[in-house]
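A quick write-up on the structure given underneath.
The values are calculated or read from the model by the stated rules, or taken from the named source; none is laboratory data. Quantities reported herein were computed from a predicted structural model and do not represent experimental measurements. Here Cβ is always computed from backbone atoms with ideal geometry, including for glycine, and neighbour counts include all displayed protein chains. Side chains included, ligands, DNA and RNA excluded: accessible areas come from the protein's heavy atoms. Shrake-Rupley method; radii C 1.70, N 1.55, O 1.52, S 1.80 Å.
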Amino acid sequence: MYLHIGSNISIPTDDIIGIFDIDNATTSKITRNYLKAAEDEGMVAAVSGDLPKSLLVCCPRGSWQRVYISHLAPATLLGRLETNRIH
């Protein structure tokens with residue numbers, strides 16, 4: 001299954017490690033440091049230029065971690081995951 005995370009980008013659901021609210025997650029210094037390091041390594045992809053609401057940490061098989069920053073709310077993404085599991 002795939003999860004549409006905005007701007008015509010879909011990712012395999014098996015690759016998703018976590019979906020986080022960007023406002024809550026970035027209050028932690030540890031998370032900010034992680035995001036900075038991921039950005040320095042070229043592992044961060046902004047899905048759109050809109051106000052970011054969530055970040056998805058993914059680990060594709062046989063590849064390095066990838067962080068997607070999406071303008072969609074975490075609740076929206078989680079709802080899409082649940083809808084995919086039902087069908």
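Tabulated values for the structure
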{"read-out": "The stretch 10-87, accessible area per residue, ligands and nucleic acids excluded (1.4 Å, Å²)", "value": "64 Å²"}
{"read-out": "Alpha-carbon centroids, the stretch 1-26 and the stretch 27-87: separation in whole Å", "value": "5 Å"}
{"read-out": "Magnitude of the charge dipole, the chain, Cβ model with Lys/Arg +1 and Asp/Glu -1, debye to 20", "value": "80 debye"}
{"read-out": "Rel. contact order, % - alpha carbon contacts under 8 angstrom, at least six apart, the stretch 14-87", "value": "34 percent"}
{"read-out": "Carbon plus sulfur fraction of accessible area for the chain, probe 1.4 Å, in percent", "value": "53 percent"}
{"read-out": "Within-13-Å neighbourhood charge of Gly42 [Cβ basis; K, R +1; D, E -1]", "value": "-1"}
{"read-out": "Segment Thr76-Ser10, length gained on full extension (0.36 nm per residue, minus Cα span)", "value": "22.4 nm"}
{"read-out": "Sequence-distant residues sharing a close amide H with Ala46 (under 5 Å, placed H)", "value": "Ile69"}
